[in-house]
Amino acid sequence: MTKFTTATTRLALFVAVAAAAPAVLAIDVKINHDKAFDFKAAQTWTWSAQRGDVKMALTQSDDPQAMRKIAEPIVMSAVSSEMTKRGLKQAPDAPLVVTYYILLTLTESSQSVGQFLPAVTQWGVPPYSPATQSLEMMNHGSLVLDITAKDVIVWRGVADAKIKRETENPNREKLIREAVRDLLKDFPPRR
């Protein structure tokens, strides 16, 4: 095999792996609930009157309503499926009321020279002016599920992830369903 063929094969392999990379790096899930609330007594749930909301802070041309039209049916289907798996039935006047929120923002992380080590001449580190050494801009998304009882939030789950904005619809749907599954996997909470 020639050097050219080996380099071409490696490049093709790298491109294939990069293309197959997931649309999300990892989903971080945080759950909080009212420890005094008896979740076992509530066997039914329903959606809030507004169902949910989408908030976007990415660009001037953001269209939260367009994103809501895409995401809301997926969120509602995923929540209904997961709640049914956990033995809860959907009913019009249920004690548990579910509301979702999707928050899409742009985050940044930077590091500068000297951030972790001060310039101390006694240590042999010469004085220098801070300069940005590393800058990372990333789209960030959160799915929040609130469950209320008598207008009081008794359970809140937040799924955070760094996401790729250009994610295709099937991958976006898979990501939302995975986030809902991760949020509700231990629902209802044990006392």
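Cβ crowding within 10 Å, taken as a proxy for footprinting-reagent exposure, orders Trp155, Trp47 from fewest neighbours to most as Trp47, Trp155.
Modelled spin-label separation between Ala49 and Gln90, with each label point placed 7 Å from Cα along the Cα-to-Cβ direction: 2.0 nm. Length, then width, then depth: along the principal axes, the Cα atoms of region 19-105 run 44, 29, 24 Å. Counting charges near Asp160 (Lys, Arg +1; Asp, Glu -1) among other residues having Cβ under 12 Å from its Cβ returns a value of 0. The H on the amide N of Trp47, modeled in the peptide plane, is under 5 Å from the matching H of Val98, each at least 5 residues off or on a different chain.
Sort Thr99, Thr59 by Cβ crowding within 10 Å, fewest neighbours at the top. Display every interim value, and only then the final one.
Numbers: Thr99 18, Thr59 9.
Ordered by Cβ neighbours within 10 Å, fewest first: Thr59, Thr99.
For Ser61, Ser80, the sequence from fewest to most other C-beta atoms within 10 Å is Ser61, Ser80.
None of the figures in this text is laboratory data; all of them are computed from the coordinates on show. Source: prediction; values computed, not measured. Note that each Cβ is placed from the backbone with ideal geometry, even for glycine, and that neighbours are counted across all protein chains shown.
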